[in-house]
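Notes to accompany the following structure.
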Number of protein chains: 2
Amino acid sequence: MKQLRLTLLGFGTVGQWLAETLHRQQAWLQQEFGLVVSIIAVATAHHGLISRGDGLDIPTLLDLVATRQPLTAHPEVTHWTNVLEGLQATGGDVLVEATGATLRNGEPGVSYIRAALSLGMYVITSSKGPMALAGRDLLSLARAQGVQLRMESTVMSGTPVLGTIREGMAGTRIRAIRGLLNGTVNYILSAMAMGQDYAEALTQAQALGYAEADPTDDVEGDDAVAKTLILAAVVFGRTLVPSQVVRRGITTLTREQVQQADALSKRIKHVASLRLLSLDGTEVSRATADNGTVPTRLEVHVEPIALPLSDPLARIDGLLNAIVIQTDTPAEVTVIGPGAGRFQAGQGVLADLIALAKSP
Amino acid sequence: MKQLRLTLLGFGTVGQWLAETLHRQQAWLQQEFGLVVSIIAVATAHHGLISRGDGLDIPTLLDLVATRQPLTAHPEVTHWTNVLEGLQATGGDVLVEATGATLRNGEPGVSYIRAALSLGMYVITSSKGPMALAGRDLLSLARAQGVQLRMESTVMSGTPVLGTIREGMAGTRIRAIRGLLNGTVNYILSAMAMGQDYAEALTQAQALGYAEADPTDDVEGDDAVAKTLILAAVVFGRTLVPSQVVRRGITTLTREQVQQADALSKRIKHVASLRLLSLDGTEVSRATADNGTVPTRLEVHVEPIALPLSDPLARIDGLLNAIVIQTDTPAEVTVIGPGAGRFQAGQGVLADLIALAKSP
């Protein structure tokens, strides 16, 4: 039963949910999972980083946020306006990076994660950008430092996908992954399958809070591309850049195309797919690839596909996400669950934290 | 990178697959997962236990089985006719219990697992009987001894379910689980949905090797009941006996009942369900239950149910298994995959072994 000293960068939805849960469920988390956490530092983009060696008081932090006061009003804290300097001075056992770093360059997450790994800290990130753009490098750094880097909530949020692949299916040879990785897009396509056209479906999704005012990242596939890059790095150990992903969005899909698919007993879905291929285009297993004797490439697509109803992804509707993992044995495993939601990302971080508490 | 000294009880499909995979994939498993294993003892029901402190030679073991020679023909081994005595004398770091212990009393698995835990060994079991009938006691013993007891392949075989719930979803409060946990039964029900009657569907399943000559354990629900008892112990920490499960098999289902359901846009499925209820019959979360302030009971059913097509279990057909995990947050997670198959159970054991190799 070791106590984990945690530094939390980003105190938005994910950070606040995590802090509140660690506080409210403290006894249960300790008894059930041996998880004992002290939050020794918190940072926000606006207020920099505050730290206190013997632990910050979580109710005070949540009160300050609720009453729109700066976190620096917490008693007896040290304050750094530069978050990176604060992180390096404070350290701790675990960095939770929940800044929501951008998909453009992965910053500030990449710098924070790199700094923490270099300090020998475990790292959990809920930001897609750093893992999508620098995933393999960061994982290599973690390995070199002998620490863990976990990112469950970056793909399908709190629905356990990365852990299921890396741990639950450890030892299988993954040869392909297909998934519906964006709930907004899946909601729009489901509405179109019910007869709406794209513009109507988007407006409805926006009205319900499922789509942003600027929906580009979702409907053009940027978000799904980021998740495929994470899967490429974490599952296949490959570094890809966004331009290597064959990508088509859903903005030009018409109601007629959706209806034509329906007439053929098919459903149009926005499918993210990763397949390990030998250079002559045949599928190979990762084990074969890892032998080093067979040169392989990872083919990654994010595009609308008309799926037959027998496909496990064809009937996944609404905001749900799903992923189908194909392995060397004939087995195919499907995981279905929410890919977003107020508590989901925090839950993924919590599961990662519990995994760290159990690790050597 | 520590070497695990492994004792393997049972050298049938699971044991042989595991040994062969550990040998054939040795370099990959070491590089990828840090898994280094030496099999120091193997036992079969017929030949007792053989051991060799510096490790048995896997190709020799597999050759002996393939040519129907006794394992005692392996060079330089010590031989015990009594497996339990051999286990206690040999020890090792990990026991893999793959004897296929019966559902009647869980033996010989329960005795072997208890002995190994008492020796401070980690234990992985692929036998349903011991975990169904003595799961909570064995888990308590493991906890008291400070060692892990893992059993991924006992529910849905190599499809990761127990790990997904216990680790991937760690920190959520599970309030209910529903599943299709027997592929034979699901195959028969799928065939009936296509127009066959029960007897025809059973005969076809037997002809294809999907059902035993005596199909009782499957079609009367014993196998699914065993899996619900394992879930009760592992996920909910409850000890139930088989008579506490409300159970109905599928043998009296008629084609007419299946067709009537179809006319109502429903599918009859054999659903295993576990729900945590307060004493007044309302659902509660495990967290509430663990507070100790609310007395709860676990209600467990295994029975045919007509599910609406919107239910994620309604369209799971053929030999596939599936499980739906409901948590305190609105999230519902579904895992679909094979629940049996030549390599599947061994894969579950391998994933457990990799997890142990990473543990403290």
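Tabulated values for the structure
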item	result
For residues of A:334-344, the mean tally of beta carbons on other chains within 10 Å	5
Relative compactness, the stretch A:1-104, computed as alpha-carbon Rg over 2.2 N^0.38 Å	1.03
Phi-based couplings in Hz for the stretch A:338-352 (Karplus 6.51, -1.76, 1.60; Gly and Pro marked x)	x, x, 7, x, 3, 9, 5, 5, x, 4, x, 5, 4, 4, 4
Whether the stretch B:196-277 is rounded, prolate or oblate, judged on the alpha carbon gyration tensor where a/c under 1.5 counts as rounded	oblate
Gaussian network model of chain A, springs between alpha carbon atoms under 10 Å - residue of A:294, A:349, A:185 with greatest fluctuation	A:294
Accessible surface of chain B, 1.4 Å probe, proportion on carbon and sulfur as whole %	48
Inter-copy label distances at residue A:283 (7 Å, Cα→Cβ; nm, one decimal)	3.5
Folded to 0 to 90 degrees: helix B:198-207 orientation relative to chain B principal axis, Cα	20
Accessible area buried between chains A and B, both sides summed, probe 1.4 Å, in Å² to nearest 100	3300
Qualifying lysines (Cα of each under 22 Å from Cα of residue A:266; at least 8 residues distant if same chain)	B:266
Label point 7 Å beyond Cα along the C-beta direction, distances from residue B:81 to other copies (nm, shortest first)	8.5
Nearest-ten-degree value, helix A:109-118 long axis tilted from longest Cα axis of chain A	60
Sequence-distant lysines (8 or more away, or on other chains) whose Cα lies within less than 18 Å of residue A:2	A:358, B:358
Rg ratio (alpha-carbon, reference 2.2 N^0.38 Å) - the protein assembly as shown	0.97
Translational diffusion coefficient (Stokes-Einstein; Kirkwood radius from C-alpha pairs) of the stretch A:217-360 at 20 °C, 1.002 mPa s, in µm²/s	124
Loop sites in the stretch A:1-48: trypsin sites (Lys or Arg not before Pro), DSSP, at most 12 other Cβ within 10 Å	A:2
Other-copy label distances relative to residue A:24, 7 angstrom Cα-Cβ extension, nm	5.0
D_trans [Stokes-Einstein, Kirkwood Rh over alpha-carbon pairs] for the stretch A:80-214, 4 °C, 1.567 mPa s, µm² s⁻¹	76
Taking N as its residue count, the alpha carbon Rg of chain B over 2.2 N^0.38 Å	1.03
Table column - 3J(HN,Hα) (Hz), the stretch A:26-34, Karplus curve with 6.51, -1.76, 1.60, x for Gly and Pro	3, 5, 5, 5, 5, 5, 7, 10, x
Residue-span extension gain [residue B:57 to residue B:255] - 0.36 nm each, minus C-alpha spacing	65.9 nm
Å² of accessible area per residue within the stretch A:47-189, as computed with a 1.4 Å probe and no ligands counted	36
Tail beyond 14 Å, pair distance distribution of the stretch B:295-360 (Cα, percent)	76
All Cα pairs of the stretch B:168-215, percent lying beyond 19 Å	40
Estimated vicinal HN-Hα couplings, Hz - the stretch B:187-194 in sequence order (Karplus 6.51, -1.76, 1.60; Gly, Pro = x)	4, 5, 5, 5, 5, 5, 5, 8
Degrees, to the nearest 10: A:128-145 long Cα axis against longest axis of chain A	60
Full-stretch length increase - residue A:200, residue A:241 - with 0.36 nm per residue and alpha-carbon distance subtracted	11.5 nm
Simple label model, 7 Å out from Cα along Cβ direction - residue A:144 to residue B:140, nm	5.0
Most mobile of A:160, A:242, A:70 in a GNM of chain A (Cα contacts under 10 Å)	A:70
Span from the the stretch B:181-234 Cα centroid across to the the stretch A:1-80 one, whole angstrom	51
Restricting the stretch B:26-129 to GluC sites (Glu not before Pro) in coil, as DSSP defines it, with at most 14 other Cβ within 10 Å	B:76
Other-chain or far-sequence residues with amide H under 5 Å of residue A:247's (modelled H)	A:302
Sites residue A:328 and residue A:45, calculated FRET efficiency, Cβ-Cβ separation with R0 41 Å, nearest 0.05	0.40
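The values are calculated or read from the model by the stated rules, or taken from the named source; none is laboratory data. All values derive from a computational prediction rather than experimental measurement. Cβ sites come from the backbone with ideal geometry, for glycine too, and all protein chains shown count toward neighbours. Surface accessibility is based on the protein's heavy atoms, side chains included, excluding ligands, DNA and RNA. Shrake-Rupley method; radii C 1.70, N 1.55, O 1.52, S 1.80 Å.
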